[in-house]
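Written out below as structure tokens is the structure these notes cover.
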């Protein structure tokens, strides 16, 4: 019944640093003691095979990617990417805010819903959907016969243990090969029969409450299926019936908050929001109120903060910003109402001491650490490269070399750029002063144009014809278009069930 409080991903941030330096410098951007020069930009732009736009937009994308990777690599070299609570809170604040708001809304829905035991009993007896607990021994349908026989025998051993009195929940938790139900001891919630692989569904619908099937061969392997009792199924029925009433409850509660907090949208909010997207950095600390409510306001700086949350991908960022700015006024009004509602939900959650549990914090820290480790591996920032016994200077130099090597790998299509998790890019930028030079950026683009023209002339044959270039490497070309504007990105298609 979780309410969709996902941030609209049609926002993106402009490329830029935290300040300007001498227009006579050849440095486009300085970050964490490293410098990205006009010549380096020109070398990268002219090394990309295939169609290339030698313009500010493309140069800015490459610069932004270099800065993100440099800040990340230098932070790794200085051992500043440990998943401490402060770094995780700063880097993952959009996720934390949305999860907290959703948790509070869930609690409101549960408190206000009118699901009774009689309603649960009636729905259970209708028998249109069933919950299930199962154990899977996975084997591919195309596997050799000996592999299938081995998997079946393993399932038969499990069945014998269950018949001898073993705990179904414990066995499923410890031994099932189904990742979709393992964490909940083999349980899946309410689903109609047609949802499941036919052999699985037929076996489940043949069972009486509390009964266990034999070994069932299906598309994903061999199952042991258990139909829960009505008492065991009650938690799924209560949750399902509560979700069915969630929409009206949520709408009524949000309207109630608007009245209680006396929410007002400023008449000048729309033009101010549009103008702020032309200069994100100039408005990051802008306290102009876009909406007001009792005890607070949602400011332009807050709006920019959320805009930064949609800037994790340096390649798509400017395209997303352009698409959003071209959208209708209703998109901006909808965003302002939405962000104001989130702010009110957080106030209510804080007042009622609702937040992430210790387990949820641990999961977030673990996920953050895993994302950081993945990017380290992607960039080749291994312990051997960042030798902890080496001096800080040597580790910094090794990290800079890996950033250069990473760009070379991109050009050779041996690597793909990965966005930094959450708000880590903005967090690192706020902790490490960066300096950007627009004049040097244009100089780099001019150098690239001149080299491209010279190379094209040299490559032309006696007749002046130039062979068509190969396709641009996928790791460097901007993605076409942007996500839908005015709402959250559509969720990815659900993977097939592995019942």
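Values quoted throughout were computed directly from the atomic coordinates according to the rules given, and no laboratory measurement underlies them. Nothing here was measured: the structure is a model prediction, and the numbers come from that model. We place every Cβ from the backbone using ideal geometry, glycine too, and count neighbours over all the protein chains shown.
When 220, 324 are arranged by Cβ crowding within 10 Å, least crowded first, meaning fewest neighbours, the order is 220, 324.
Estimate the FRET efficiency between residue 404 and residue 287 by the formula 1/(1 + (r/R0)^6), using the beta-carbon distance for r and 51 Å for R0, to the nearest 0.05. Calculated value: 0.80.
Angle of helix 38-47 to the longest C-alpha principal axis of the chain, folded into 0 to 90 degrees and rounded to 10: 60°.
Remark: relative contact order (segment 135-238) = 32 percent; criterion is Cα-Cα distance under 8 angstrom and separation of 6 or more residues.
Highest mean first, the peptides 336-345, 371-380 sorted by other C-beta atoms within 10 Å per residue fall in the order 336-345, 371-380.
The angle separating the long axis of helix 230-244 from the principal Cα axis of greatest extent in the chain is about 40 degrees.
Once the Cα atoms of helix 246-260 and of the chain are each reduced to a long axis, what angle between those two axes, in degrees from 0 to 90 to the nearest 10, is obtained? Tilt of helix 246-260: around 60 degrees. If you average the C-alpha positions of segment 188-260 and of segment 413-428 separately, how far apart do those two centres end up, in angstrom? First find each Cα centre; the distance between them is then 38 Å.
Normalised by the number of residues in segment 273-372, the average gap of Cα pairs under 8 Å and 6 or more apart makes the relative contact order 21 percent. Taking the helices alone, the chain has a mean residue ellipticity at 222 nm of -16500 deg cm²/dmol, built from -39,500 (n - 2.57) per DSSP H run of at least 4 residues and averaged over all its residues. The peptide list 414-422, 267-275, 34-42, put in order of mean Cβ contacts within 10 Å with the highest first, becomes 34-42, 414-422, 267-275. Among 29, 401, 133, a tally of other beta-carbon atoms within 10 Å of each Cβ gives an order, fewest to most, of 401, 133, 29. Per-residue extension of 0.36 nm, minus the Cα-Cα distance of residue 382 and residue 430, leaves a gain of 14.7 nm for this segment. For segment 117-240, the orientation-averaged shadow of the C-alpha convex hull comes to 7.4 nm² (one quarter of the hull surface).
Taking 0.36 nm per residue of sequence separation and removing the Cα-Cα distance, the residue 84/residue 174 pair yields an extension gain of 29.4 nm. Applying 1/(1 + (r/R0)^6) with R0 = 30 Å to the Cβ-Cβ distance of residue 114 and residue 356, what FRET efficiency is obtained, to the nearest 0.05? Here the calculated transfer efficiency is 0.60. The relative contact order of the chain comes to 34 percent, based on Cα pairs under 8 Å that sit 6 or more residues apart. Modelled spin labels at residue 211 and residue 166, positioned 7 Å past Cα toward Cβ, are 2.3 nm from each other.
Put the Cα centre of segment 53-95 next to the Cα centre of segment 274-299 and the gap is 24 Å.
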